[in-house]
Each structure stands twice: as C-alpha cells, then as structure tokens.
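One structure below.
The values are calculated or read from the model by the stated rules, or taken from the named source; none is laboratory data. Small disclaimer: the values here were computed from a predicted structure and weren't measured. Reconstructed Cβ throughout: ideal geometry from the backbone, glycine too, with neighbour counts over all protein chains shown. Ligands, DNA and RNA are excluded from the accessible area calculation, which covers all protein heavy atoms including side chains. Shrake-Rupley method; radii C 1.70, N 1.55, O 1.52, S 1.80 Å.
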Amino acid sequence: MAKKEKILFLLLQLFLLTLLFPVNDIASGIITTSLVVTCFAFNNFKEKLRLLKERKYIWWMLLFFGWLLLSAALSSNKHEALRYLDPRFPLLFFPLSIGLIVLDQKFTERVLLGFAILITCFCLACLGWSIRQFLITHNAAWLYNDALTSLTGQQSIYISLLVNIAIYIYSYFIFYKQSPYKGWMILATLLLFCINYLLASRNQMLTLYLSVAGFIVYYILKEKKYLEGATLVMGGLLGLFMIYKFFPKTLNRFRELTYTSFTYNHEGAESRYDMKVTADQWNGANFRIAAWNCGWELFLANPFMGVHLGDKKDRLFDKYREKDFRFALETKKNLHNNYLDILVATGFPGLLLFLGGWLVIPLFRYWKSKNHLALLVAATLHVAMFTEVYFDRSIGGMLVGLFIPLLLSSWQQENQ
C-alpha cells in the first residue's frame with residue numbers, strides 16, 4: 001500500500017474501534033476528524049469535482065441532508081433540532097470525504113477484513129466479560145442480548161449488525177479468496193454465529209439465516225458444489241441445534257411474535273428474553289405495531305414537510321398522550337423504525353431523497369458492478385433500520401454514513 005493508503009487504513013480501523021469502545025469523546029472526535037481530513041487530502045480538488053459529477057448518488061445524499069437542515073430550521077424546538085442533527089452529520093461529511101475518492105479493490109478488501117477482525121476481538125472481549133459476570137452471579141442473563149455487550153454499553157442491535165457484516169466478510173474470503181488463514185476465518189465465523197444467536201436480535205438473526213440459506217442455494221446450483229452445499233446445510237442445522245440446547249432463552253424473542261395484539265392504555269410489564277412470555281406483556285412486536293400506527297397518523301397529517309426534525313419527539317409524545325399510550329410515555333419510546341421516523345420528521349420528500357441516495361442508487365451500482373458483498377452489507381444495513389431509529393444514535397449514523405460511500409468508492413465502473 002502507498003503511504004496515504006496506510007494512513008487511511010489505520011484511521012478507518014481506529015474509527016471502528018472508537019465506535020465499538022466509545023470511551024472518550026475527544027479521542028473519537030480527533031480520529032473522525034483525522035479520517036475526514038485524510039480523505040479530503042487523498043486526491044486533488046479537480047479529481048473530486050470529476051467524481052462528484054459522475055457519482056450522482058452523492059447529489060441525492062447531499063439533497064437529503066439539505067432537507068434535514070431545512071426541517072431543523074423550521075422546527076419550533078431549535079435545541080432538539082440541533083441535538084437530532086448531530087448524529088446525522090456523518091450523512092454529510094462521509095459522502096463529501098470518503099465518497100469523493102477512488103479506492104483500489106484490494107485496499108477495500110483489506111479494510112473490510114480488518115473490520116471483521118476488530119469485531120471478532122470485540123465479541124471475544126464481551127463474551128469473556130459476560131462469562132466472568134455469569135460465574136460471579138450464576139445468572140445466565142449475562143450471556144444474552146444487551147447484557148452481552150454491557151462491557152461497552154453498546155446496544156445488542158448495533159453489534160448484531162456488525163457481527164453479520166463480519167460474517168459476510170469472512171465468508172467472502174473463505175469462498176472466493178486465497179488465504180493461508182482460512183482455518184482461523186472459519187473458527188471466527190463459527191464464533192460469530194454463536195454471538196449472533198446470543199445477542200438475540202430478531203431482525204439480524206433472520207437476516208443472517210436467510211442470507212445463509214440464499215447463499216447455500218446459490219452455491220449448490222450456480223457453483224454445482226453439491227457435496228459442499230449439503231455439508232454446509234448439515235453443519236448449520238447441527239450448530240443451531242447445539243446452540244439452542246445450551247442457550248435456549250433466545251427463542252423467547254421469537255415467542256413474542258405470537259402476541260401482537262395491544263390496547264394503548266394497557267400497563268403490562270415489558271417482556272424480556274429471560275422472562276416467560278405472556279399475552280398481557282408489552283413486547284417488541286406489539287409495541288412496534290402500536291408505535292408505528294401513531295407515527296403513520298402523524299405522517300398522514302403532515303405528508304409534505306413532516307412535523308419537523310426538532311419537533312418530532314414532542315409531536316410523537318402528544319400522539320401517545322392522545323392515545324393514552326402510557327407504556328410508551330413512561331419508557332420514552334421512539335418510533336423504532338428509521339424510515340417511518342424520516343417520514344414523520346421530514347415528510348415524503350425526505351424519505352424519497354433518502355431512499356434515492358442511500359438505498360436505490362447504491363444497490364443498483366453494487367449489483368451492476370457485481371459487488372455482491374457490498375450489496376449484502378448495504379441490504380443488511382437497511383433491513384436493520386426497519387426496527388430501530390438508527391439516525392438518533394451516533395453509531396447508527398456513523399455506520400450507514402461510512403459503509404455505503406466506502407463500498408461505493410471501489411468495485412465500480414466509473415463514468416457510468
């Protein structure tokens with residue numbers, strides 16, 4: 001690698017490290033600023049202008065952020081508007097920095113493999129910490145969900161997303177690249193499958209299992225690897241059975257899906273993976289349905305401009321009060337859907353700009369350039385946003401803002 005590529009590689013790894021271990025805001029700010037400045041200095045201004053003209057998706061990305069600025073400016077609660085803009089700024093500075101450079105495919109592969117290794121080390125550290133807590137307390141709850149990532153305070157949904165991405169990266173190298181370390185990659189992949197199960201994120205578990213099933217079908221039919229495909233199927237089923245036998249509580253997360261009815265003013269307890277699931281509880285399924293109904297009503301009342309970025313929380317809580325949705329008020333729940341959140345805050349134009357710049361055009365480019373790894377990573381990011389408001393947390397904005405432009409900066413045919 002050239003010197004500037006080595007610096008960029010190091011900063012990208014450090015950046016992910018600060019997301020995984022957010023222990024110092026000053027250090028995180030310095031690393032993020034250094035990464036952006038390095039990208040600005042990576043090529044000359046003339047080259048950046050050329051890329052800006054060719055990469056039309058960046059125009060959509062910038063228009064979306066401009067619409068967010070307008071929504072913030074129109075908000076009556078300016079303090080909240082600035083607070084909500086802060087975690088969304090990566091949607092501006094990453095397209096303008098890493099989105100306006102050209103990266104070699106091999107360089108991007110090294111970056112992704114470095115990401116996968118960091119995520120694996122992070123998961124080992126969290127698992128070790130949780131096992132220690134379990135041995136001290138004899139409480140198996142330490143091995144599941146948010147407790148598993150309590151070492152750093154990160155929510156399991158975000159780590160589960162990163163675990164899936166790491167599995168995709170390892171699988172790419174295992175099946176399509178020559179490497180003397182494939183044995184270690186296979187072991188790391190098996191570990192991450194276990195971690196994915198223990199994190200108990202329904203969204204990302206289903207995404208991973210469906211992706212694996214799709215890949216096995218593709219591998220058997222397209223590559224005509226019948227024996228290898230059958231081995232993968234049997235190994236996967238055996239692995240799931242063994243994990244379930246030793247760690248059965250994760251299935252509680254799926255039992256919640258059988259209880260989707262709700263009454264807004266019901267004050268039942270909130271279901272947890274380590275509790276027996278009953279019909280009188282609020283759970284991840286019936287709460288989301290109730291909250292999404294509230295959000296949809298807000299959008300229908302304000303379809304073009306939305307309720308504005310800074311006022312979305314106040315207006316949502318007003319809707320909760322109107323519905324007598326006591327549980328959501330007491331626990332201060334947001335909409336738990338990034339797309340609906342955009343609709344409510346910025347209206348239909350905001351969602352259209354977001355989908356154009358961050359979903360449709362990138363996925364089309366990944367598909368056209370046959371970058372199936374990037375296609376899978378981006379699709380997984382967007383699936384994750386169906387059940388969480390990613391842009392209200394800095395890690396969500398950072399992950400989306402970084403990965404999609406990074407993967408678009410290589411593996412693509414320019415001038416198209």
Under the condition of being over 18 Å from LEU406 (Cα atoms) and among the small types (Gly, Ala, Ser), which residue from the range 3-55 is surrounded by the fewest Cβ atoms within 10 Å (Cβ to Cβ)? GLY29
Does at least one position in the range 136-152 carry a residue that is surrounded by 22 or more Cβ atoms within 10 Å (Cβ to Cβ), on the phi > 0 side of the Ramachandran plot and touching a helix residue (DSSP H, G or I) at 6+ places or on another chain (Cβ under 7 Å)? yes
Could you tell me which numbered condition TRP67 fails, if it satisfies all but one of (1) closer than 26 Å to ALA166 by Cα; (2) open to solvent by 40 Å² or more (accessible area, probe 1.4 Å); (3) in a helix (DSSP H, G or I); (4) not small (Gly, Ala, Ser)? (1)
Test: ILE167 is closer than 22 Å to PHE21 by Cα and surrounded by 17 or more Cβ atoms within 10 Å (Cβ to Cβ): yes
Counting only residues that are within 19 Å of ARG321 (Cα to Cα) and assigned to a helix (DSSP H, G or I), the range 267-305 contains a total of 16
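Can you say whether LEU190 is open to solvent by 60 Å² or more (accessible area, probe 1.4 Å), touching a helix residue (DSSP H, G or I) at 6+ places or on another chain (Cβ under 8 Å), outside any loop (DSSP other than H, G, I, E, B) and modelled with pLDDT of 85 or more, as far as the supplied structure shows? Walk me through how you get there before you give the answer.
Details: open to solvent by 60 Å² or more (accessible area, probe 1.4 Å): yes; touching a helix residue (DSSP H, G or I) at 6+ places or on another chain (Cβ under 8 Å): yes; outside any loop (DSSP other than H, G, I, E, B): yes; modelled with pLDDT of 85 or more: yes.
Yes.
Got a sec? Which of GLU5, GLU54, GLU47 is of a type in the set (Asp, Glu) and closer than 26 Å to LEU355 by Cβ? Before you say what the answer is, go through the steps one by one.
On the way: GLU5 fails: closer than 26 Å to LEU355 by Cβ; GLU47 fails: closer than 26 Å to LEU355 by Cβ.
When all the criteria are applied, what remains is GLU54.
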If I ask for residues that are part of a helix (DSSP H, G or I) and touching a Leu at 6+ places or on another chain (Cβ under 7 Å), which ones from the range 70-88 would you list? SER71, ALA72, ALA81, TYR84, LEU85, ARG88
Evaluate the following for LEU335: is it under 30 Å from VAL163 (Cβ atoms), open to solvent by less than 20 Å² (accessible area, probe 1.4 Å) and not in a helix (DSSP H, G or I)? yes
Residue check, PRO405 open to solvent by 10 Å² or more (accessible area, probe 1.4 Å), part of a helix (DSSP H, G or I) and within 21 Å of PRO90 (Cα to Cα): no
Would you be able to tell me the number of residues in the range 73-113 that are among the charged types (D, E, K, R), open to solvent by 50 Å² or more (accessible area, probe 1.4 Å) and either under 22 Å from HIS308 (Cα atoms) or in contact with a helix residue (DSSP H, G or I) (Cβ under 6 Å, 6 or more places away or on another chain) (or both)? 3
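So which of PHE364, PHE354, PHE391, PHE348 ends up being surrounded by fewer than 22 Cβ atoms within 10 Å (Cβ to Cβ), modelled with pLDDT of 95 or more and aromatic (Phe, Trp, Tyr)?
Details: PHE364 fails: modelled with pLDDT of 95 or more; PHE354 fails: surrounded by fewer than 22 Cβ atoms within 10 Å (Cβ to Cβ); PHE391 fails: surrounded by fewer than 22 Cβ atoms within 10 Å (Cβ to Cβ).
Among PHE364, PHE354, PHE391, PHE348, only PHE348 is surrounded by fewer than 22 Cβ atoms within 10 Å (Cβ to Cβ), modelled with pLDDT of 95 or more and aromatic (Phe, Trp, Tyr).
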Quick one: would you say SER28 is free of Cβ contacts under 8 Å to residues at least 12 places away in the same chain, hydroxyl-bearing (Ser, Thr, Tyr) and more than 20 Å from SER409 (Cα to Cα)? yes
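Does LEU373 satisfy the condition of being in contact with a Pro (Cβ under 9 Å, 6 or more places away or on another chain), buried (at least 19 other Cβ atoms within 10 Å of the Cβ) and modelled with pLDDT under 95? Break it down into steps so the answer makes sense when it comes.
Working: in contact with a Pro (Cβ under 9 Å, 6 or more places away or on another chain): no; buried (at least 19 other Cβ atoms within 10 Å of the Cβ): yes; modelled with pLDDT under 95: yes.
Judged against the criteria, LEU373 is not a match.
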Just to verify a result, which residue in the range 282-339, among those that are out of contact with any helix residue (DSSP H, G or I) (no Cβ under 6 Å at 6 or more places or on another chain) and among the β-branched types (Val, Ile, Thr), is modelled with the highest pLDDT? ILE289
Does ALA378 meet the test of being buried (at least 17 other Cβ atoms within 10 Å of the Cβ), of a type in the set (Gly, Ala, Ser) and within 13 Å of the chain's Cα centre (by Cα)? yes
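Examine the range 22-42 for a residue that is charged (D, E, K, R), touching a helix residue (DSSP H, G or I) at 6+ places or on another chain (Cβ under 8 Å) and assigned to a helix (DSSP H, G or I), and state whether such a residue exists.
No, because not a single residue in the range 22-42 is charged (D, E, K, R), touching a helix residue (DSSP H, G or I) at 6+ places or on another chain (Cβ under 8 Å) and assigned to a helix (DSSP H, G or I).
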The one condition MET61 fails out of (1) assigned to a helix (DSSP H, G or I); (2) open to solvent by 30 Å² or more (accessible area, probe 1.4 Å) is (2)
Condition check: in contact (Cβ under 8 Å) with a residue 60 or more places away in the chain and either of a type outside the set (A, V, I, L, M, F, W, C) or touching a Phe, Trp or Tyr at 6+ places or on another chain (Cβ under 7 Å) (or both). Does GLY284 satisfy that? yes
Being of a type outside the set (D, E, K, R), in contact (Cβ under 8 Å) with a residue 60 or more places away in the chain and farther than 29 Å from LEU406 by Cα is the filter here, so list the residues in the range 306-365 that pass it. GLY306, HIS308, GLY310, PHE325, PHE327, THR331
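From the set of residues in the range 115-135 that are open to solvent by 20 Å² or more (accessible area, probe 1.4 Å) and small (Gly, Ala, Ser), which is nearest to VAL389 (Cα to Cα)?
Keep residues of the range 115-135 that are open to solvent by 20 Å² or more (accessible area, probe 1.4 Å), which gives 117-118, 121, 124-125, 127-129, 131-135.
Keeping just the survivors that are small (Gly, Ala, Ser) gives 125, 128.
On the way: ALA125: 27, GLY128: 29 Å.
Only one residue tops the list, namely ALA125.
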